[in-house]
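Report on the structure given below.
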Amino acid sequence: SAAGMVQQEPAGAPGVAAAGAAAATTATAGAEVRLSRRRWAVVLLFSSYSLCNAFQWIQYSSINNVFVRFYGVSTFAIDWLSMSYMLTYIPLLFPVAWLLDRRGLRFIALAGSALNALGAWVKLGSLKPHLFPITVLGQVICSLAQVFILGMPSRIASVWFGSREVSTACSIAVFGNQLGIAVGFLVPPVLVPNVEDVEKLAYHISIMFFMTAGVATALFILVIIVFKEKPPHPPSRAQALIQSRPTEEYSYMQSILSLLRNANFLLLMVTYGLNAGCFYALSTLLNRMVIHHYPGEEVNAGRIGLTIILSGMVGALLSGIWLDRTKTYKQITLVVYIMSLVGMIAYAFTLSLGHIWVVFVTAGMLGFFMTGYLPLGFEFAAELTYPESEGTSSGLLNVSAQIFGIAFTISQGQIMDCFGTKAGNLFLCSFLFLGTVMTAFIRADLRRQQANLDNEQT
């Protein structure tokens, strides 16, 4: 029934007009696939405000001991400033993923960057020791922004990028978040030295908060100007197929249910959660671990965090490029997982040796694989679950990561207080081992690849 043949649209006309479900495949044949120049600006801008939001996540934990003294609260209270990001994500993921499908990329980008700037300005009202609740409020607003950010990378990559660059684009989008955590480890110990005088301390903290608010506001303005919903033409056959589907066919609940019936995806969801949860716990508690073994080394604790993230970004980029070349999703995911476990064991046993340079080396190795795994998981999920929305699949992965992140952060913190840092790190090792075994059971059912291949053949 080729009744709904689509006329070639004039250049610049948005989207693909399909005249009914039966004509969907015919529609893709008529849709012009073309890459837009704007795609790099979109992904870099997203990466930038994601960076700013991630910086706000870790800026308290990376100088945990300084904020404990300034606000006169417990280390656990400061840990909660970081865990609030994980906590708000869990209930809000589904409403936001639903909004992403209903209102589109531009709306979500505006909401995320606006909340990020608002939270940064609220924190400026918390520059007195008794104003801890205001800082909590600012952090909660930033954590709301994060819900509008985390599920976007694979969607931006799919909507704006061709099939040969989609994994690389996803890596760049995830990159921003990682780089933000890196800056969050590096900058606060430098801007806010551990001085005795509370007035001086407040002044140093205000500089950090003002800079963050300025950057967040500038990025929000750029999003208003630069960020578009989608390119004039679909960038790949798989994307043209999705755009030609009538919207009535798509039900959000159906999408979630079909994902939860997909056994390979469920396995990936748990293994991704275990790996990312370990990473969140490690990042949140890093300052405490390093200061425990190397007192007075706040700045180096930040640099070790930076090393974990930077080597992880190299790992993420290399794995993204490797995926675009080879499409060996299952194999590389398994290898990276095994190496994350090896890195975690090495870190656990070398932390207490008394040589801080050894910690830099093992932390770098751990980061290369553990952080390098994050975009891999997103892309593997998009393959296993095509043609379901990438926002939904990566959202479910993130929920799993946040749940394990909270559980691991609290448990490891308690274990460290009672039995020391090595016991806390071995606790994480045991879960990475479990994740490695489970990853071996995921079947590489690459549906998105199949769709692109089938289309090329037709």
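So here's what we get for this one:
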quantity: Positions within the stretch 435-450 being open to solvent by 40 Å² or more (accessible area, probe 1.4 Å), over 24 Å from Q239 (Cα atoms) and outside any loop (DSSP other than H, G, I, E, B), in sequence order; calculated: V437, M438
quantity: Matching residues, the stretch 286-306, being more than 19 Å from V183 (Cβ to Cβ) and assigned to a helix (DSSP H, G or I); calculated: R288, M289, I291, H292, H293
quantity: Subset of the stretch 338-373 that is among the hydroxyl-bearing types (S, T, Y) and in a helix (DSSP H, G or I) - its residue that is farthest from G176 (Cα to Cα); calculated: S352
quantity: Some residue of the stretch 374-391 being touching a Gly at 6+ places or on another chain (Cβ under 7 Å), open to solvent by less than 20 Å² (accessible area, probe 1.4 Å) and farther than 19 Å from V437 by Cα; calculated: yes
quantity: Members of the stretch 175-205 found to be touching a residue at least 40 places away in the same chain (Cβ under 8 Å), open to solvent by 10 Å² or more (accessible area, probe 1.4 Å) and β-branched (V, I, T), listed by number; calculated: V183, V187, V190, V198
quantity: Any hit, the stretch 22-33, residues being open to solvent by 60 Å² or more (accessible area, probe 1.4 Å), outside the structural domain of Q146 (by the TED database), modelled with pLDDT under 50 and assigned to a loop (DSSP other than H, G, I, E, B); calculated: no
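The values are calculated or read from the model by the stated rules, or taken from the named source; none is laboratory data. Here the structure is a predicted model, which is why all the values come from computation and not from measurement. Glycine also receives a Cβ, built like all others from the backbone with ideal geometry; neighbour counts cover every protein chain displayed. The protein model used for the area step is the full one, side chains on, heavy atoms only, and it has no ligands, DNA or RNA in it. Shrake-Rupley method; radii C 1.70, N 1.55, O 1.52, S 1.80 Å.
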